[in-house]
Each structure stands twice: as C-alpha cells, then as structure tokens.
Amino acid sequence: MLKSILRSIFRGDPPSTQKGRSELVFYNLWLHIHPAKVRKEHLKLRHTGYLGFVSFFLLLILGATGLALMFYYHPYPAMAYQDMKDLQFVVFLGPFLRNMHRWAAQLLVVAVFLHLCRVFYAGAYKEPRQFNWVVGVLLLFLVLTLSFTGYLLPWDQKAFWAITVGTNIVASAPLVGPVVKVLLLGGHSLGTQALLRFYVLHVVVLPGLAAALVMVHLWRIRKDGGLAPSPSGPEEISSPPRETPIPSSPEKTYGLMGIVTGKPTFEVLVPEEEEAVFSYPYAFLREGAAFLATSAAVMALALLYNAPLSEVADPSKTPNPAKAPWYFLGVQELLSHSPTLSGILLPSLMVLALLLLPYYDWNPSRRPKDRVLALSLFALVVLSYLVLLLIGLYFRGAGWAWVWPWAKGAGGAA
Amino acid sequence: MNRRSFLSLSTASAAALLATAGMGLAGFFRFLFPGVFYEPARRFKAGYPADFPPGQPVFLPAEKVYLFHDPAKGFSAASAVCTHLGCTVQWSERDRQFNCPCHGSVFAADGAVLRGPAPRPLSWLEVTLSKDGQLQIDKNRPVTDAYHLLVPA
C-alpha cells in the first residue's frame, strides 16, 4: 500500500536498482549544477570564503522572508506604515521576520561586496571568466537596486527622504534624468504611485531579473571550467593538449537544431585524481554547513537587534540630518560636495570601470606580484569609499555639518 | 523557393518582427506614464492676505512654499524645495537664511546660495490675487526674487 503510493508519486526506478541510482544523479538539479569532482583546494574556506554561497543563501532567505512579509503589507501610503507597526506589535513572528529580512539584506550588500573583492584579488575575472565577472557586477547592481527599492516600503521618514534624494540624483542625470524620474515615481513627487511602483519593482521585476542572472552566473562557473585556482598556485591549463583524444562515438549525433553535425567540439579536462574529490558529499557537506551558518547568523541578528523604523513619512518636514542607507553614505558624502559630478558621473564611471574591467586589464597574470598596480588602485578606491562612508556615518550631524562622534547630540548611525 | 526569394522573405519577416517588438516596447514605455497625476495642484490658493500679517515667513506644509510678507513691498513666495536634491529647506529667523538638512546647503533670504552643493538659488513663485480675494501661488510661473505683490490694506 505505502509502497504503491510512493511509487505513484516518485516515478522512475527505486534507488535499489542500477538504473534508479543513475536517474537519481541525472535528474537532481543541485547535483546537476556541480561537476562530478572538484579540486580539494577549492573547498577550503580561505580560497573563496564561501562568499558566493553565502550571497546565494542570503538571497534565498530574503526571498522566503520577503514572501512572508507580503502577506501583511499594503503598498499604499495610508496603510504601509501601519502595516510596519502591525508587524512590530501584532503579527506573530512579525518582528522576527522583518528583522531577518532587514539584516539579511544588509549582510547581502556586505557579502556581494566582499565576493567582488575576493574575485578581484584572485584575478578570477581574467580569461576565460570575463563574462561571468560582468554578470556578477550586474548582480551587485541589482542587489543595490533591490535594497534601494525595499528601503522605501516601510514609508517612514528615513525611507521617504532617502528615496527623495535618490530619485533627485537620478533626475540630475543629463538628458534622460527628468524623464526617468517621472517614470520611476509615476509622477513628479514621491507619493501613492511611487510606492506602488517601487513595490512592484521590489517584489517582482528585480527579484525575477536577479534569479535569471544568478542562474547564468552559476551556469557560467561550470562552463568556464569551475572556480579559478589560487593565484599563487600553478597556472591553469586552459586548452587540454591530449595525446589520445576521446574518440567520438559513431552512434552519437551532435545535431543541435540540425545545424551542427559531427564530433564533439570540446572535451572536459578531469583534474588529477589526488587533488580532486567527489562533489558529493565533500562539496555538498560544506555548502550545507555554509547555509546553516548563514541562516544562524541572520536569525541571531534578528533576535538581538530590531530593524529600525522612524516616524511616519512627512513630505513637508525633512529630518535633520537626513541620511541614506549606510552603504550609500559614501555617495551622499560626495554629493555634499558637488551634485551631478559625484552623484551621476562618478558612480556611472565606477560601474562602467567595473563592468569592463576584464576587457581593459591586459595583464594575463593572476599572481599578486605581477599585479601590484591593479591591486593597489583597487585597494585605494575601496579604502577611499570606506573613509567617505565612515565620515557620512559618524562625522556628520545636523545640516550635514562636521561633528565629532563623541560630541553631545551627534548624528550617530543612519 | 529559390535562394533570392527565401532571403527576401526572411528579411521581411525579421523586419516585421522587429517592428512589432519596437511598437510593443514604445507602447509599454508610453503606458508607464500615467494619464492623470493625482498630485497636489501646481496652482493653489494660500488664503486671504489678512491671514498673513508682515513678519516671519509662513510655511505652507502641503505645498512646501514659504510665503513672505514685507510691509513695504508686499507678498512673495519661495519654494522650500532645495535645488540640490529636493529636501525641504527650513527658514531660520535668527540667521535670516534657509538651511537644507540633507547636504548642508544654505540660502540667503533672497534665495541665493550662500554655501553648500546647491546648484541654483531657491525658486520664487508668482503670487497673484484670485477673484475671491485670496492669494494664489502658481508653481508653474517662476519669477525673480524682486517680484512682489502689494495688496492695499
């Protein structure tokens, strides 16, 4: 009886047979995106920091908690703030879920940023992984846009003024700026239409785009030959000069849409036995551990710290000082010096420089000692942004005037 | 079908497909612009002149406008929207200047930029008397800071 029920749900042969076992392997998505074997070195924490996995798991957590929050949220100014209060005080597990969503979002910004730094430091964006770097930068941009659109939804003072400033930065872009602003807000000022648009972008459009890009990102890792080896280790073997090529089987046809015929066009290079281990269970176990650690960290943060919520949005009264989310404070600090130049030009140039990095960095070497200029320039940019961010976070008070953080009544964290 | 007719047919089909996609995109682009803006009117009545005796400027919160009443020159109205990134500026009576809380711009009483990143002075708006005797402010009609409306008492 039980057996027949199970057999009706899980079709295919049971894993007790040879055929069943191979089907289990062929039809498993998570197995499918892994190679059969991975290098031992790549499983070490110090190789990648598991930052890509952590980012991926944070996205999963954000999807799950975000979906839950949607049950109690109306994207309408008169109700949105009340919904936040309900989530804080009335909804069972409401504060926990909202905290998780908030902290996971902030951790994600940190994780993708560190992920980018790690990949840059390892030179992993170089041949043949140029395009996956581009996908990664687009994903970073999507994460920032997601966090920006999500920031408006609580409809509190912080949200309202951060997005007012943000959309006016967009409007200061040459030529297209004002049109894009109207398009984004569905009007000329932040109101009902804008909240609805940001909501749709935040819960449907941007997550959909991000999901699609994440798939491409993961798929490209395998297509580009797995993770890049350590920059200090031996150079990667790019094209396999095999002495005895794998013979193509006469039974197999490679008729992709009837256009391509003949032998396989590429062969897979299997790493040496002694430095490679099976993905299952060695990689799976570590990925599971990373998932548990990420979830535990987010839950711990959610239990310990409450997500901030300021008073309800008041279009006539700008809080003083009005600060952007902390990771945008570097941009805001630059903005306080000159608007179009630092709000539009500098960030656009930065994004462009990041996107095109693999195509203008001609240096083929991935060894740190051959990349002194690239590494120090990158460190300089990162450090100067961090300094600007810290200034914006701790040294700016009312009217964006300079204050010492230990002075009485200082602005404090955003 | 020969090669020539096949190629011309494919070109025509591809062009038709592209044109359809283009029209669809253009339509969607236009669709995203609302037909009606449910927003506060750009021209509004602030109240009767007698409600605003000379002295400190009055802030009209819904419209984000400061209404000034100079005993000699008359009424004038300044937009409280900072020309930098749209925060609401605050009038400080002590320093007789506008302060922007977002990025520290400071504007003089005539709207000129004194300090900070603001690229332009605050905008001054036309003040007229409507038929029912109320002060009417029109955000669509910017004026210079010299513009005043003198209402005989």
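Key figures
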| item | result |
| --- | --- |
| Proximal lysines to A:Lys85, defined as alpha-carbon separation beneath 20 angstrom and excluding residues fewer than eight positions away on the same chain | A:Lys158 |
| Computed accessible area, A:Ile169, all protein chains, 1.4 angstrom probe, square angstrom | 30 |
| Over the protein assembly as shown: Kirkwood hydrodynamic radius from C-alpha pairwise inverse distances, Å | 28.3 |
| Label zone at A:Ser232, where the point sits 7 Å out along the Cα-to-Cβ direction: segment A:125-143 residues whose backbone N lies under 19 Å | A:125 |
| Accessible area buried at the B-A interface, both sides summed, 1.4 Å probe (Å², nearest 100) | 2000 |
| Net dipole in debye of chain B [+1 Lys, Arg Cβ; -1 Asp, Glu Cβ; about Cα centre; nearest 20] | 820 |
| For B:80-91, mean number of other protein chain Cβ atoms within 10 Å | 6 |
| Sequence-separation-based contact order of chain B, relative, with Cα cut under 8 Å and 6+ spacing, percent | 20 |
| Lysine pairs in chain B with Cα atoms under 17 Å, if 8 or more residues apart or on separate chains | 4 |
| Computed E for B:Ala62/A:Leu93 - FRET, C-beta separation, R0 45 angstrom, nearest 0.05 | 0.70 |
| 0 to 90° range, to nearest 10: angle between helix A:346-360 axis and chain A longest Cα axis | 10 |
| Exposure rank, largest accessible area first [A:Lys317, A:Lys126; 1.4 Å] | A:Lys317, A:Lys126 |
| Cα→Cβ-extended label distance, 7 Å offset, between A:Thr145 and A:Val200, nm | 1.5 |
| Spin-label pair A:Leu60/A:Ala401, simplified geometry with 7 Å Cα→Cβ offset, distance in nm | 5.1 |
| Euclidean distance of C-alpha centroids, segment A:1-59 and segment B:61-77, integer Å | 71 |
| Members of segment A:174-223 that become less accessible by 40 Å² or more once partner protein chains are added (1.4 angstrom probe, chain alone as reference) | A:Leu183, A:His188, A:Arg197 |
| Most fluctuating residue given options A:Leu354, A:Leu59, A:Leu380, as computed from a GNM of chain A linking Cα atoms under 10 Å | A:Leu380 |
| Helix A:372-394 vs. chain A, principal-axis angle (Cα, 0 to 90°, nearest 10) | 30 |
| Average partner coverage of B:102-108, which counts Cβ from other chains inside 10 Å | 6 |
| Computed lengthening from A:Tyr76 to A:Val179, 0.36 nm per intervening residue step minus Cα-Cα distance | 34.7 nm |
| Per residue solvent-accessible surface (Å²) - the protein assembly as shown, probe of 1.4 Å | 58 |
| Sites A:Ala297 and B:Phe31, calculated FRET efficiency, Cβ-Cβ separation with R0 30 Å, nearest 0.05 | 0.10 |
| B:Lys139 long-range amide H proximity, modeled H, under 5 Å | B:Arg43, B:Phe44 |
| Gaussian network model of chain A, Cα within-10 Å springs - most flexible of A:Asp156, A:Asp361, A:Asp83 | A:Asp361 |
| Gaussian network model of chain A, Cα within-10 Å springs - most flexible of A:Phe26, A:Phe278, A:Phe89 | A:Phe26 |
| Only Lys, Arg (+1) and Asp, Glu (-1) charged, at Cβ; segment A:11-127 dipole about Cα centre in debye | 520 |
| Where B:Thr20, A:Thr48 fall by accessible area, highest first, once all protein chains stay in place (1.4 Å) | B:Thr20, A:Thr48 |
| Area of A:Tyr280 that stays accessible when all protein chains are in place (1.4 Å probe, Å², to 10) | 150 |
| FRET efficiency, A:Ala374 to A:Ser16 (Cβ-Cβ, R0 41 Å, nearest 0.05) | 0.15 |
| Model label zone, A:Trp326; criterion: amide N under 16 Å from point 7 Å along Cα-to-beta-carbon; scope segment A:82-109 | A:99-109 |
| Centroid-to-centroid separation of segment A:121-179 and segment A:64-81 [C-alpha atoms, Å] | 22 |
| In Å², nearest 10: area of A:Trp326 left accessible to a 1.4 Å probe | 70 |
| Vicinal HN-Hα couplings computed from phi for segment B:22-33 (Karplus, 6.51 cos²θ - 1.76 cosθ + 1.60; Hz; Gly/Pro x) | x, 5, x, 5, 4, x, 5, 4, 5, 4, 6, 8 |
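The values are calculated or read from the model by the stated rules, or taken from the named source; none is laboratory data. As the structure is a computational prediction, the values presented were derived from the model and not from experiment. As a convention, Cβ positions derive from the backbone with ideal geometry for all residues, glycine included, and neighbour counts pool all protein chains shown. Areas reflect the complete protein model, heavy atoms only, side chains present, ligands, DNA and RNA absent. Shrake-Rupley method; radii C 1.70, N 1.55, O 1.52, S 1.80 Å.
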